[in-house]
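Since the structure comes first, as structure tokens, the remarks are kept for the end.
The values are calculated or read from the model by the stated rules, or taken from the named source; none is laboratory data. In this text the structure is predicted, and so the values were computed from the model without any measurement. Ligands, DNA and RNA are excluded from the accessible area calculation, which covers all protein heavy atoms including side chains. Shrake-Rupley method; radii C 1.70, N 1.55, O 1.52, S 1.80 Å.
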Amino acid sequence: MPRRATATRSAAGLTADRKNESFIQRIIENPKASFAFAVLVADAVLVSLIISYVPYTKIDWDAYMSQVSGFLGGETDYSKLEGDTGPLVYPAGFLYIYSAIQYVTGGQVYLAQIFFGLLYMVNLGLVLLIYLKTDALPWWALCLVSLSKRVHSIFVLRLFNDCFATTLFHAALVSFLYQRWHLGLIIFSGAVSVKMNVLLYAPPLLILLLKAMDISGVISAGVGAALVQILLGLPFLLSRPVAYISRAFNLGRVFIHFWSVNFKFVPEQVFVSRGFALFLLAAHLILLAIFAHYRWCRHEGGLFSLLNSKLVQMKLKISYLSSFPLRLFSSQNSNLRVLRSEHIVTTLFVGNFIGIVCARSLHYQFYSWYFYSLPYLLWRTPFSTWLRLILFVTVEFCWNVFPSNVYSSLLLLGAHLIILGGLWMAPPEYPYVGNTKNK
């Protein structure tokens, strides 16, 4: 028996060694994967140096800890949870995450920075995996996702909750790329529970869900996402539901003009006006509708054709199941379609970027909302490599001008519009795996 146990352990160890060798061999044989791994290692060293030698910037950390302390003290009324910078305006997931951080770090900034450094590396690993899955960039351009001074600062020097929302979204996107739509939508809902900006991805995500599944699948995935929000917010919904919903999901917040990075050139009285907000909202919805109809749904005959086909499909399914109820389970997966990775990423990244272009105010930490998609978006345009790099550097420069001014915000808006124009000029990719004869 001892010899048999020893032999079993040896065989298991040999299998593990072979798996490790296979993983290392795949990295060595794939130049792009090798370079991505090198980028990850180099950035890990850079993050360590930043934490060790660059002073921490006090902005929202103390406010986060004050809000968390109130929650841990038993307060579930959102209207009474406040910090140094004002009332709590984030959903419940934010409180749970930062409560865990406070428990682990004791509220010490340096330990929290180490934690956020690890979070940065996890996020970067997910981003590189997304880029490798889509194969949209040349190998050398992968380094662009680690070259932002502002994003490094957002993660390890300022400890913003945007970092968690961004990382969770990228985890959801990886799930989508592996066609795990229900799991991905649950993770996506978790990201929304940290910060509401993730909802900018919701319109293009709904289109992808409609393409990948039938109506019943979309509904079941949506119910799963809604349950996440209900469960996370339950203590606050049972206590003061109106206070929770109005604070955590306030769509009418007016940001301070001074902190605006993108519309600093707009006079303050116009910036805070309801008319300006409605104009940007209308521009946002119109651009989404145009891209959805003429780009994202082009191969289905347009947005209305896609919606109509899904309604017809649902009616046929209901009629079929009413006639043959015993065949319910055998027909559940008959309408699943596999979407190409490039189509998934392009649709989500462009949809989010449209929201960024039309956002009334972008604060410095909001750069993390779309920075990691910039190289991908630039390489989806028909521009030359030099113009892509110039636009990338221009956007990064504008985000590092502090405080922002009329010229930097005009330059940023101009760069955004040029990128958006390039995305419009790019031919839409075929959305489905297989059936390429119908492209």
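Miscellaneous remarks
- Shown are ARG150, ARG253, ARG274, ARG180, whose ranking by accessible area with a 1.4 Å probe and every protein chain present, most to least, is ARG274, ARG180, ARG253, ARG150.
- More than 34 angstrom apart: percent of Cα pairs within the chain: 39
- Here's how it looks for GLY83: its modeled amide H is under 5 Å from those of LEU88, which are all 5 or more places away or on a different chain.
- Ordered from highest to lowest accessible area with the whole protein assembly present and a 1.4 Å probe, PHE71, PHE94, PHE37 read as PHE37, PHE71, PHE94.
- 3J(HN,Hα) from dihedral phi, the range 175-185, Karplus parametrisation 6.51/-1.76/1.60, rounded to Hz, x for glycine, proline: 4, 4, 5, 9, 6, 9, 6, 5, 4, x, 6
- Only Cα pairs under 8 Å and 6+ residues apart enter the sum, and on that basis the relative contact order of the chain stands at 19 percent.
- Built amide H within the under 5 Å cut-off of TYR432, gap 5+: ARG340
- When LYS211, LYS80, LYS133 are compared by accessible area of protein heavy atoms, the largest-first order is LYS80, LYS133, LYS211, using a 1.4 Å probe.
- Part-to-part distance (alpha-carbon centres) for the range 209-276 and the range 30-59, which is given in Å: 32
- Backbone phi angles across the range 375-387, fed through the Karplus curve with coefficients 6.51, -1.76 and 1.60 (θ = phi - 60°), yield HN-Hα couplings of x, 4, 4, 5, 7, 8, 7, x, 5, 6, 4, 5, 5 Hz in residue order; Gly and Pro are listed as x.
- Pairs of Lys residues in the chain, spaced 8 or more positions apart or belonging to different chains, with C-alpha separations under 21 angstrom: 13 in total.
- Shown in residue order for the range 258-272 are the 3J(HN,Hα) couplings computed by the Karplus curve 6.51 cos²θ - 1.76 cosθ + 1.60 at θ = phi - 60°: 4, 8, 6, 8, 9, 10, 5, 6, 7, x, 4, 5, 6, 4, 8 Hz (x for Gly and Pro).
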